[in-house]
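First up is the structure itself, then whatever we jot down about it.
What follows is calculated from the coordinates using simple rules that are stated; it is not laboratory data. Predicted model only: the values in this text are computed from it and were never measured. A quick note on method: Cβ atoms are made from the backbone with ideal geometry, for glycine too, and the neighbour counts reach across all protein chains shown.
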Amino acid sequence: MKWLRITLQVIGALSLLVVATAGPWLAYNLHKETSERINVAKPKDALFILNWGGIPTNQNFKVIASYQSQQSLTGDHLDYYCIELLKFEVADFAKEEWRDGPETNPLLAEALELAVNDAREYADCFPSFEEANSPAMKAMFWSMVTHGRQPSAADIILYDPKSKRLYYVSYKT
């Protein structure tokens, strides 16, 4: 029975050691991943937006503004990017995804309105809903999730040919 007592003491000591070292590490990394990031995005951080939109990434572009909110355990968040592009060319695989405004599908229009209004709370660079849902704007809905008949999450990319700006907003409520 002496060997059982020693084995249990060793297991207890190792468990205590794991908790003592993993606890602070986990708390630090969770905080690091969930803290707000305002206007710190670099062009490499925005490459996924160009890739999703079928826009060439081998060009000089500038991230004018960005925001990444804290993410809750359920994934609730708000992220946006305002990007200045030199050229807007769309690859063949994405051409059918881009549409000229205004959005005629009421559910997509509602998702766009929620996204743009949320982003405008933090960013002066974002267009108003009226501008975003106008014939002057091109839009790509990467994804949208509904809860019942209401949009609850969306990833939307907009392009304004006049200002040569690309806008991305992602939200989940």
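Taking the fewest neighbouring Cβ atoms within 10 Å as the starting point, the ordered list for Arg165, Arg5 is Arg5, Arg165. Once the Cα atoms of helix 106-120 and of the chain are each reduced to a long axis, what angle between those two axes, in degrees from 0 to 90 to the nearest 10, is obtained? Helix 106-120 sits at roughly 70 degrees to that axis.
Each residue of the stretch 60-77 is assigned a 3J(HN,Hα), and the resulting list reads 7, 9, 10, 7, 7, 8, 8, 8, 10, 6, 5, 9, 6, 4, 8, x, 4, 6 Hz, derived from the Karplus form 6.51 cos²θ - 1.76 cosθ + 1.60 (θ = phi - 60°), x at Gly and Pro. For the stretch 101-135, GluC sites (Glu not before Pro) are listed when DSSP marks them as loop and at most 12 other Cβ atoms sit within 10 Å of their Cβ; the list is Glu121. Computed over the chain, the P(r) curve from all C-alpha pair distances, binned at 10 Å from the origin, holds 9, 32, 28, 11, 7, 7, 4, 1, 0 percent per bin. Here the chain is treated with +1 on each Lys and Arg Cβ and -1 on each Asp and Glu Cβ, and its dipole about the Cα centre works out to around 920 debye.
Distance from the Cα centroid of the stretch 124-171 to that of the stretch 49-68 is 15 Å (rounded to whole angstrom). Arranged from fewest to most other beta-carbon atoms within 10 Å of their beta carbon, Val116, Val169, Val145, Val90 become Val145, Val90, Val116, Val169.
For the chain, the longest principal axis of the alpha carbon atoms and the long axis of helix 2-34 meet at an angle near 20°.
Site pair Trp142 and Asn58 shows an inter-label distance of 2.2 nm when each label is modelled 7 Å from Cα along Cα→Cβ.
Among the trypsin sites (Lys or Arg not before Pro) within the stretch 47-123, those in coil by DSSP and having at most 11 neighbouring Cβ atoms inside 10 Å are Lys87, Lys95. Counting lysine pairs in the chain that sit 8 or more residues apart in sequence, or on different chains, and whose Cα atoms lie under 19 Å apart gives 18.
Annotation for Asp76 and Thr173: the two label points, set 7 Å from Cα along the Cα-Cβ direction, are 1.0 nm apart.
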